[in-house]
1. Which of (1) assigned to a helix (DSSP H, G or I); (2) surrounded by 15 or more Cβ atoms within 10 Å (Cβ to Cβ) is the odd one out, the single condition Asp113 does not satisfy?
2. Tell me whether the range 89-107 contains one or more residues that are within 16 Å of the ligand (Cβ to nearest atom) and in contact with a Lys or Arg (Cβ under 6 Å, 6 or more places away or on another chain).
3. Within the range 138-154, how many residues turn out to be part of a helix (DSSP H, G or I) and buried (at least 19 other Cβ atoms within 10 Å of the Cβ)?
4. Could you tell me which residue of the range 32-48 is nearest to the ligand (Cβ to nearest atom), considering only residues that are more than 12 Å from the chain's Cα centre (by Cα) and aliphatic (A, V, I, L, M)?
5. Evaluate the following for Lys118: is it under 15 Å from Leu80 (Cα atoms) and part of a loop (DSSP other than H, G, I, E, B)?
6. What pairs can you find where one residue is in the range 110-136 and under 26 Å from Asp94 (Cβ atoms), the other is among the acidic types (Asp, Glu) and in a loop (DSSP other than H, G, I, E, B), and their Cβ atoms are less than 8 Å apart, with a gap of 6+ or different chains?
7. Of the conditions (1) closer than 18 Å to Phe123 by Cβ; (2) touching a residue at least 40 places away in the same chain (Cβ under 8 Å); (3) crowded, with 19+ Cβ neighbours inside 10 Å, Asp178 satisfies every one except a single condition; which number is it?
8. Tell me, which residue of the range 54-110 that is among the polar types (S, T, N, Q) and over 15 Å from Ile34 (Cα atoms) is modelled with the lowest pLDDT?
Amino acid sequence: MNERIGYAGVYYAAQDMHHLGDVRARGRSMIRTIVFDWGDTVMRVFPEFSGPMAHWPKVEAVPGVEHALRTASQRYLLVLASNAADSGPDLVRDALERVGLERYFGEVVTARDLGAAKPDPRFFKAVLRTVGCQPQEAIMVGDHFETDIAGAKEVGLWTIWFNPNGKALPAHGEGKADAIIPSYKELDNALMMIESRAHMARPTTL
Ligand SMILES: [Mg+2]
């Protein structure tokens, strides 16, 4: 294991990682749900196509996401939450099925059925209501800083910014992403880091 693992200012020491493994091993996870954005977080968006992605001539998963979802789905409830205007949950599931990812999501919700779109706090609150989960028990993973990360942070979710193109942190973006990952290889490390912080943020009974 690297002595220090991290990206863009998010670093955690190797000894912390051992502690995190311990938190997990003891089943004391404070995190129950991971909410994924859809476009360019789970499936690629091809700007040349329009209409529902399920009907596009070509669809493609984001590199590395299948392994990440398979691993994470063994531990957490995975939710796909999209701003898609052209697809409701059934069409999103059809598109996911085409790349073999549908099975990993316990819930699929879209702006169409929730009646609000990211970054509107009502969107994230509706997602949490759907799965019966508190904000501090959920992590949002998304590629769009303003809609996915800033929006979710405002409601109190943990946030992981999927930033494969190395975009600069936007002005006033400080503190909104709990972790920034350049690829899905880093997702598990980011989850462990957040697990540890969530565990430590827990109230102590004396
Ligand atoms: Mg996106």
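The values are calculated or read from the model by the stated rules, or taken from the named source; none is laboratory data. Since this is a predicted model, take the numbers as computed values, not measurements. Positions of Cβ are generated from backbone atoms using ideal geometry, with glycine treated the same way; all protein chains shown enter the neighbour counts.
1. Result: Asp113 fails condition (2) only.
2. For the range 89-107, residues within 16 Å of the ligand (Cβ to nearest atom) and in contact with a Lys or Arg (Cβ under 6 Å, 6 or more places away or on another chain): absent.
3. Total meeting the criteria: 7.
4. Per the criteria, the residue is Val45.
5. Yes: the conditions hold for Lys118.
6. Within 8 Å, the pairs are Lys118/Asp37.
7. Evaluating Asp178 over (1) closer than 18 Å to Phe123 by Cβ; (2) touching a residue at least 40 places away in the same chain (Cβ under 8 Å); (3) crowded, with 19+ Cβ neighbours inside 10 Å leaves (1) as the failure.
8. Pass one, the range 54-110, residues among the polar types (S, T, N, Q): 71, 73-74, 82-83, 87, 110.
Pick out the ones that are also over 15 Å from Ile34 (Cα atoms) and you get 83, 87, 110.
Values: Asn83: 96, Ser87: 92, Thr110: 97.
For the range 54-110, the residue satisfying everything is Ser87.
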